[in-house]
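Enquirer: Following this message is one structure expressed as structure tokens.
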There are 2 protein chains.
Amino acid sequence: MEKEVTIYDIAELLQLSAATVSRALNDHPAINIKTRQRVQSKANELGYRSNTFASNLRKKTTQTLGVIVPRLNSHFMSSVLAGMEVVANKAGYHMLISQSLESAANEKANARTMFNNRVDGLLVSLAYDTESYDHFAGFIKKKVPLLFFDRVTDFMECPGIVIDNYKAGYEATRHLLAQGCQQILHVTGNLRRNVYNDRMEGYKKAIQEAGLSERAVQVIVNDLSAEAGVVLARQIMAMEQKPDGVFVASDICAVNCMRALIDAGYRIPDDVAFVGFNNDHVSQIIDPKLTTVDYPGHQMGELAVSTMINHLTSNQPLGATSSIVLRSQLIVRASSKRLLGAD
Amino acid sequence: MEKEVTIYDIAELLQLSAATVSRALNDHPAINIKTRQRVQSKANELGYRSNTFASNLRKKTTQTLGVIVPRLNSHFMSSVLAGMEVVANKAGYHMLISQSLESAANEKANARTMFNNRVDGLLVSLAYDTESYDHFAGFIKKKVPLLFFDRVTDFMECPGIVIDNYKAGYEATRHLLAQGCQQILHVTGNLRRNVYNDRMEGYKKAIQEAGLSERAVQVIVNDLSAEAGVVLARQIMAMEQKPDGVFVASDICAVNCMRALIDAGYRIPDDVAFVGFNNDHVSQIIDPKLTTVDYPGHQMGELAVSTMINHLTSNQPLGATSSIVLRSQLIVRASSKRLLGAD
DNA sequence: TTTTGAATTGCAATCGGTTGCAATTTAAAA
DNA sequence: TTTTAAATTGCAACCGATTGCAATTCAAAA
């Protein structure tokens, strides 16, 4: 059982041509049903496995989708990937996954690899510091469909799958205002990325609409990590004029900040109300539970891949769709409820 | 720029043979350095990209590792994958990832796909209900190296990368005993999987050693999900003889249970002490912070892949190594500290 | 200038399926 | 029974890179 069995072996044993065997194995309708069965059972008997390379080489398709994400290990991203995998698997596609670790250089290298591996399509969520998009030019040129999700860009003529971050930011802020907050601090990530910039714009808009002064707009940019949350708490404690509301663009960062503040004696939401983002597990574990924006990661992954596959099989131009917006929703919990009966 | 450039195109333009071009592109030492440079710069100029299939077809190697995990979206697993990706990427390998969703049937199908795709090696963490291992037989037969991590099995002659779950369970329980707990409840997952069974055995051993009666051994099996944690809290509240210590084999499940108990008025650790497993993010967010077992996921991923690649390149027999045990460690936090000055 | 060995390069087969088109067989219609 | 169309099957040329071995080139030694 050392040597690999090929269609030629089967063909010889069955006194058929390789062409017929190939067709039989692929359920080609032109092949007589009896022949087909004979071939397939013989293939099973011999432990035949199709050689994907030979097939790909000839067919010029890989049944593989490339995925480049900033990090694999975040609650949100792993949900997205899980969703992607389910749909891809069902449609007979495989996923080649790599992470940029938030570095544009890595992203570039990974894109190159995906390119050489001739993925049928590429799904990307941009790294923190990606500014140039040259590394995707090859895909465009070779007409390999490209799709961005979550962290998207307007610089490329590619569809993006997103939530309405502007609206989410706006509503989160409105909610804090409605709870009586007057000085709302917004903490977010690199503003080059749409997800963070849009949320901030929504935040600003809400502040302006509320008729608050310019000074009411207060933004801190960090990397939204757990550690950054602890640092943030120290920053807040050191402020001469403390915020009475904080809107953080990530639950992980938010809860760590809350925890540090609580340990230091702050009362939430009375001293300061909190709203996070992502509806991460931790948002329901912290006490008080964290008001947050539900972010349908799994669904986003499913949608990204099904859009891609739909395009690949039906050959509809992907460029046509400019973006797909998923519904997100503010989930109000105790961390921001300052008024009785408020929702 | 529509048509793909091949080595033949380059060969013709440079009045060379395809063989020479191929060697030049691969830095073959037999090729004159000037020729090599001419070829490489021409390749760049034309936007040449190597056709991986043709190469694989000829070389019979894929530079791809298959990974099958129960779920992508858990804190632990995504850390493992992140670690794997870093090492694989650095060594020029790609990762084909799929999830079994805890179903043996899916695992089987995924293994088949990996097999057909001729991954150079396969890394597996077993599904909840996998009982037969036939779907891995092909890999053994074809001498494709196979390696299990975390959820391993003794039924196959394959190396496994694990932590000492027995010891971890033992120490966690000893810790609770040392804190004065007399009735320790152990909550864990499917006992068919080593990770859960071993932890339980460690737990039992510690109970026995403490000279407690048979009745002191109390085990509940669930799926360790967040929801299961809430259910667990109800179960505990309904018990006539309540435990004064709970050792849960997963942080997620533990914290959700704690949260429900706290909301119901229980005091932790005074009424009941808690120890979790995994050192998940949430363990530091819950109040009181959760004592847990640190589980080096990222490191486990790195090690799994580097072991595999090392084997692939040096051709050392993988079978020789039977298992690699990573160090894990009990991290004591407030959820289990009942004695002053205890650690 | 000839010899000789090393350095380069090319030939041609090979990896294993796929597919357009032609050839053959089979079955239905005349 | 012959004609004709439909159903099957086979031929042979791909897909693009790799590599053992032979051929050629080149330069140094004789």
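Enquirer: Output the residues belonging to segment A:1-15 that are open to solvent by less than 50 Å² (accessible area, probe 1.4 Å) and either among the aliphatic types (A, V, I, L, M) or not in a loop (DSSP other than H, G, I, E, B) (or both).
Expert: Hits for segment A:1-15 are A:Val5, A:Ile7, A:Ile10, A:Ala11, A:Leu14.
Enquirer: Considering only residues of segment A:9-23 that are at negative phi and over 44 Å from the mean Cα position of the chain (by Cα), which is farthest from DNA strand D (Cβ to nearest atom)?
Expert: The residue in question is A:Asp9.
Enquirer: Here is a further query. Let me spell it out: the conditions are (1) modelled with pLDDT of 90 or more; (2) surrounded by 13 or more Cβ atoms within 10 Å (Cβ to Cβ); (3) within 12 Å of another protein chain (Cβ to nearest Cβ); (4) within 15 Å of DNA strand C (Cβ to nearest atom), and A:Arg23 meets all of them except one. Which number is the exception?
Expert: Going through the list (1) modelled with pLDDT of 90 or more; (2) surrounded by 13 or more Cβ atoms within 10 Å (Cβ to Cβ); (3) within 12 Å of another protein chain (Cβ to nearest Cβ); (4) within 15 Å of DNA strand C (Cβ to nearest atom), A:Arg23 breaks only (3).
Enquirer: I'm trying to understand the selection: among the residues of segment B:26-37, which are among the aliphatic types (A, V, I, L, M) and open to solvent by 50 Å² or more (accessible area, probe 1.4 Å)?
Expert: Matches in segment B:26-37: B:Ala30, B:Ile33.
Enquirer: Looking only at segment B:38-82, how many residues end up being of a type in the set (A, V, I, L, M, F, W, C) and within 15 Å of DNA strand D (Cβ to nearest atom)?
Expert: The qualifying residues number 6.
Enquirer: If the requirement is being out of contact with any Pro (no Cβ under 6 Å at 6 or more places or on another chain), near DNA strand D (Cβ under 8 Å from one of its atoms) and either among the charged types (D, E, K, R) or not assigned by TED's automatic domain parsing to the domain that holds A:Asn117 (or both), which of these qualifies: A:Asn32, A:Asn26?
Expert: None of the others qualify; the one that does is A:Asn32.
Enquirer: Now for a separate question. Among (1) within 14 Å of another protein chain (Cβ to nearest Cβ); (2) open to solvent by less than 10 Å² (accessible area, probe 1.4 Å), where does B:Ala168 come up short?
Expert: The failed condition is (1).
Enquirer: Do we have B:Ala111 as more than 9 Å from DNA strand C (Cβ to nearest atom), more than 14 Å from chain A (Cβ to nearest Cβ), closer than 30 Å to A:His298 by Cβ and not acidic (Asp, Glu) here?
Expert: When the stated conditions are applied, B:Ala111 does not pass them.
Enquirer: Let me ask something additional. Looking at the structure I just gave you, is A:Gly202 away from every other protein chain (no Cβ under 14 Å), in contact (Cβ under 8 Å) with a residue 24 or more places away in the chain and open to solvent by less than 60 Å² (accessible area, probe 1.4 Å)?
Expert: Yes; evaluated as a whole, the condition is true for this residue.
Enquirer: Before we move on, is B:Gln208 over 21 Å from B:Arg174 (Cα atoms) and surrounded by fewer than 16 Cβ atoms within 10 Å (Cβ to Cβ)?
Expert: Here the answer is no, as B:Gln208 does not meet what is asked.
Enquirer: Here's a follow-up. Report whether or not B:Ser103 is among the small types (Gly, Ala, Ser), more than 10 Å from chain A (Cβ to nearest Cβ) and within 19 Å of A:Ser78 (Cβ to Cβ).
Expert: Yes, satisfied.
Enquirer: Every residue in segment A:36-68 that is more than 9 Å from DNA strand C (Cβ to nearest atom), facing chain B (nearest Cβ under 10 Å) and either over 23 Å from B:Phe139 (Cβ atoms) or of a type in the set (Asp, Glu) (or both), please.
Expert: Selection gives A:Gly66, A:Val67.
The values are calculated or read from the model by the stated rules, or taken from the named source; none is laboratory data. Fair warning: this is a prediction, and the values are worked out from it, not measured in the lab. So basically every Cβ, Gly included, is an ideal-geometry build from the backbone, and we count neighbours across all protein chains shown. Accessible surface areas use protein heavy atoms only, side chains included; no ligands, DNA or RNA. Shrake-Rupley method; radii C 1.70, N 1.55, O 1.52, S 1.80 Å.
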